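Notes follow once the structure below has been shown.
The values are calculated or read from the model by the stated rules, or taken from the named source; none is laboratory data. Fair warning: this is a prediction, and the values are worked out from it, not measured in the lab. Positions of Cβ are backbone-derived with ideal geometry, glycine not excepted, and every protein chain shown enters the neighbour counts. Please note that ligands, DNA and RNA were not included when accessible areas were found on the heavy atoms of the full protein model with its side chains. Shrake-Rupley method; radii C 1.70, N 1.55, O 1.52, S 1.80 Å.
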Amino acid sequence: MKILVIGSGGREHAIIRRLAADSPAPDLHAAPGNPGIAALATCHEVTVGDLDAQVELARRLEVDLVVVGPEAPLVAGLADRLSEAGIPAFGPTAAAAMLEGSKSFAKEVMASAGVPTAASVTANDEDTLVAGLDRVNPLGDVPFVVKADGLAAGKGVVVTTDREAALAHGRAVVVAGGSVVLEEYLDGPEVSLFCVCDGQRVVPLAPAQDFKRALDGDKGPNTGGMGAYSPLPWAPEDLVDEVVRTVAQPTVDEMARRGTPFAGILYCGLALTARGVRVVEFNARFGDPETQVVLERLASPFGELLLAAARGDLREAEAPRWSDDAAVAVVVASAGYPAEARLGDRITGIEDAETTGAHVLHAGTALREDGTLVSSGGRVLAVVGTGEDLQAARQVAMAGVERIVLQGSLHRTDIALVAARNEGVEGGQNDER
């Protein structure tokens, strides 16, 4: 099988690494890819935003499947264009990707499908903004949650106890001509669950938990994600079944009823509140950095699962099987991240890190003309460790991180620490993926 993966980040590196582990291994291509992906796939200099060139590349390569990593090309209609060209694509149509492209649309779908989620108000002017904040958080005794109603690359959400800061974020969005979704704050730990969908059926993958705050102890600003782990030893045994029954399947059914069937990854961002499971958000693609740990534990064929979903019948693929091992990913970020990430710093120590048993996934890296590997994004690398339990996996990941040399870099030292010690779980509503 010949597969083209669209994207250049850590998520795409994780996808390609896992596809390469299939037997027989597929012929892998990436556009544009990154220096880490280049060791496993043929990379093509086509930007993520050039949909015409992506379709032409897929046609020229005569691929059996295109896997679309980022959300922007999905919302822009890349899957539609590939389908029109007769090329199977793993990823939803533009109409279905609106589950991520518009938070107000996602709320509307959840209301119609009876999916439990946070109460919300959509505001597109200052008066509605002020009244909406008071409506969803009348006592002001919990954090305010303000989300830009559209794609914002993980930077459109503010969760803060400061009402003025919440208002300022909302005002900035509406003054720019956008709208915001104001939500009630959801207590309890968060869980990420990827569900593979074929337009009718839902096949869940293993749940994971990620860490959005930049600093240890869930301090500092929100980020795109500083680490993740799987499995979740503290989660209820029936959690996955419950989420499929009450969240994923009703959503897929509702999208089909509307004439916009959802095929691809339905990323369910969840809060396990005192009142039960609630949806924090939907995404229409694999999340980052959870993909790095979930796919590390997948023991069954990956390519055939994605192809079956793209063809519209998941019954053609083997049900996912999982390793008993745990996986922990720790993100190494650039100096200044997330405010103003410094780019162009030299990266060394990756080969040394992998001698510890960890593996290193590239997220924001580039090669200079002289072959020097440098940082090219905020989140630069994800170091993934596995072991018989979370404690062992953490030790491998952290040993790998300690070998990485990147001037001024930032990483958290407490990814999965609480769960590994059986001391409970992290809680609270964080930023979007």
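Most tightly packed first, judged by the mean number of other beta-carbon atoms within 10 Å of their residues, the peptides 24-30, 271-277 read 24-30, 271-277.
Summarising the amide proton neighbourhood of CYS43: residues at separation of 5 or more, or on other chains, whose placed amide H is nearer than 5 Å comprise ALA30.
Take every DSSP beta bridge whose two residues both sit in the chain; close to 80 percent of them are antiparallel.
Per-residue counts of other Cβ atoms within 10 Å, averaged by peptide: what ranking do you get for 76-85, 231-240, highest first? It would help to have the intermediate numbers written out before the result.
Working: 76-85: 19.1, 231-240: 15.0.
Ranked by mean Cβ neighbours within 10 Å, highest first: 76-85, 231-240.
What FRET efficiency comes out for ALA111 versus ASP241 if R0 is 22 angstrom and r is the Cβ-Cβ distance? Round to the nearest 0.05. That gives a FRET efficiency of 0.45.
Residue ranges 367-373, 290-296, 177-183 sort as 290-296, 177-183, 367-373 when ordered by packing (mean number of other C-beta atoms within 10 Å per residue, highest first).
Might you report the magnitude of the Cβ-based charge dipole of the stretch 298-338 about its Cα centre, with Lys and Arg at +1 and Asp and Glu at -1, to the nearest 20 debye? Display every interim value, and only then the final one.
Values: 3 positive and 6 negative charges, 29 e Å.
Roughly 140 debye, rounded to the nearest 20.
Students often forget the sequence filter, so: which lysines lie under 24 Å Cα-Cα from LYS147 once same-chain residues fewer than 8 apart are removed? By straight Cα distance, LYS147 reaches LYS103, LYS107, LYS155, LYS212, LYS219. Rounded to the nearest whole Hz, the Karplus-based 3J(HN,Hα) values (6.51 cos²θ - 1.76 cosθ + 1.60, θ = phi - 60°) of the stretch 372-380 follow the sequence 6, 7, 9, 6, 9, x, x, 8, 9, with x at glycine and proline.
With a 1.4 Å probe and all protein chains left in place, how much accessible area per residue does the chain have, in Å²?
Here the residues of the chain average 38 Å² of exposed surface.
Here the dipole of the chain is about 240 debye; that uses its Cα centre as origin and unit charges on the Cβ of Lys and Arg (positive) and Asp and Glu (negative).
When the solvent-accessible area of the chain is split by element, carbon and sulfur atoms take up 47 percent of it, the probe being 1.4 Å. Positive-end ranking of ALA118, VAL5, PHE105 along the dipole of the stretch 1-146, with charges on Cβ about the Cα centre, is headed by VAL5. Relative to one another, the C-alpha centroids of the stretch 292-322 and the stretch 389-404 are positioned 27 Å apart. Other residues whose C-beta falls under 15 angstrom from the C-beta of ASP64 contribute a net charge of -1, scoring Lys and Arg +1 and Asp and Glu -1. Mean residue ellipticity at 222 nm, helices only, the chain: -8000 deg cm²/dmol; runs of at least 4 DSSP H residues each add -39,500 (n - 2.57), and the sum is divided by the number of residues. Projected label points at ALA176 and LEU343, each 7 Å from Cα along the beta carbon direction, are separated by 1.8 nanometres.
Kindly state, to the nearest 0.05, the FRET efficiency for ARG315 paired with ASP187, given R0 = 41 Å and r defined as their beta-carbon distance. Don't jump to the answer; show the numbers that get you there.
Details: r = 38 Å, r/R0 = 0.94.
It comes to 0.60.
By a 1.4 Å probe calculation restricted to protein chains, TYR185 has an accessible surface near 60 Å², given to the nearest 10.
Residues whose amide H falls under 5 Å from that of GLY387, counting only those 5 or more places apart or on a different chain, are ALA326, ALA393, with hydrogens built in the peptide plane. Considering only GLY150, GLY140, GLY377, the mean-square fluctuation computed in a Gaussian network model of the chain, springs between alpha carbons under 10 angstrom, is largest for GLY140.
Net charge dipole, the stretch 260-333: roughly 320 debye, given to the nearest 20, about the Cα centre with Cβ charges of +1 for Lys and Arg and -1 for Asp and Glu.
How far apart, in nm, are two points set 7 Å out from the Cα along the Cα-to-Cβ line at GLU304 and at VAL418? With each label placed 7 Å out from Cα toward Cβ, I get 4.0 nm.
For a quick check, take a GNM of the chain with Cα springs below 10 Å and name the residue from GLY91, GLY101, GLY387 with the largest mean-square fluctuation. For the chain, modelled as a Gaussian network with Cα springs under 10 Å, the answer is GLY387.
Compare VAL157, VAL175, VAL67 in a GNM of the chain, Cα atoms joined below 10 Å, and give the one with the largest fluctuation. Among VAL157, VAL175, VAL67, the largest mean-square fluctuation in the Gaussian network model of the chain belongs to VAL175.
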